[in-house]
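**Q** Mind having a look at this structure? Questions to follow.
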Amino acid sequence: MTSKELAELAVTALEDLKGQSIVSINVSRLTQITDYMVIATGTSSTHIKALSDEVTKRVKESGGKVSGVEGRLQAEWVLVDLGGVVVHIMLAPVRALYNLEDLWNFEPENGNSGTGNKARQ
């Protein structure tokens with residue numbers, strides 16, 4: 001499964017459980033850490049746990065590997081590491097504070113639009 005397909009799978013899982021303001025950003029030209037960042041908002045800690053569980057379940061059912069899940073205990077910000085895709089699921093105040101979209105969605109110095117792939121807001 002390609003990173004793009006994995007990101008699409010994560011977005012679909014988040015949409016199916018009513019994740020909010022879902023954004024997928026191609027960061028492959030900006031970092032070697034991952035190819036896509038998927039960011040979503042959950043309405044409560046319980047909702048965030050359910051969203052992260054659904055992403056994990058869908059990836060495993062599709063034959064993919066989940067490298068790790070961080071932050072599930074407090075569930076204000078849960079990170080699901082899928083290798084080529086990193087999924088961030090946050091409460092609205094946490095998302096506003098860290099503003100990952102602006103951190104990862106900018107044009108490189110050479111002027112080429114490197115990411116900009118905001119999908120499904």
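No value in this document is a laboratory result; all are computed from the given coordinates. Source: prediction; values computed, not measured. Methodologically, a virtual Cβ is constructed for each residue, glycine included, from the backbone with ideal geometry; neighbour enumeration extends over all protein chains shown.
**Q** Run the count for the chain, please: Lys pairs, Cα-Cα under 14 angstrom, 8 or more apart or on different chains.
**A** Step by step, the pairs that qualify in the chain add up to 4.
**Q** Quick one: angle between helix 45-61 and the longest Cα principal axis of the chain, in degrees between 0 and 90, rounded to 10, please.
**A** So the helix axis and the longest Cα principal axis differ by about 80 degrees.
**Q** At what distance in nm do the modelled label points of Lys60 and Asn99 sit from each other, each positioned 7 Å from its Cα along Cα→Cβ?
**A** Output for this residue pair reads 3.7 nm.
**Q** A follow-up question, please. At 222 nm, what helix-only mean residue ellipticity would the chain give, in deg cm²/dmol to the nearest 500, using -39500 (n - 2.57) for each DSSP H run of four or more?
**A** Only helices count here, giving -10500 deg cm²/dmol.
**Q** While we're here: Compute the normalised compactness of region 1-52: alpha-carbon radius of gyration over 2.2 N^0.38 Å, N being the residue count.
**A** Here the Cα radius of gyration is 1.19 times the empirical estimate.
**Q** Regarding the chain, what is the average projected area of its C-alpha convex hull, in nm²?
**A** Orientation-averaged projected area of the Cα hull: 6.9 nm².
**Q** Sticking with this one: With Cβ to Cβ distances under 12 Å as the rule, what net charge do the other residues near Ser45 carry (K, R +1; D, E -1)?
**A** Around Ser45, the surrounding residues sum to +1.
**Q** If you restrict to DSSP beta bridges whose two residues both lie in the chain, what percentage is antiparallel, to the nearest 5?
**A** DSSP beta bridges in the chain are roughly 65 percent antiparallel.
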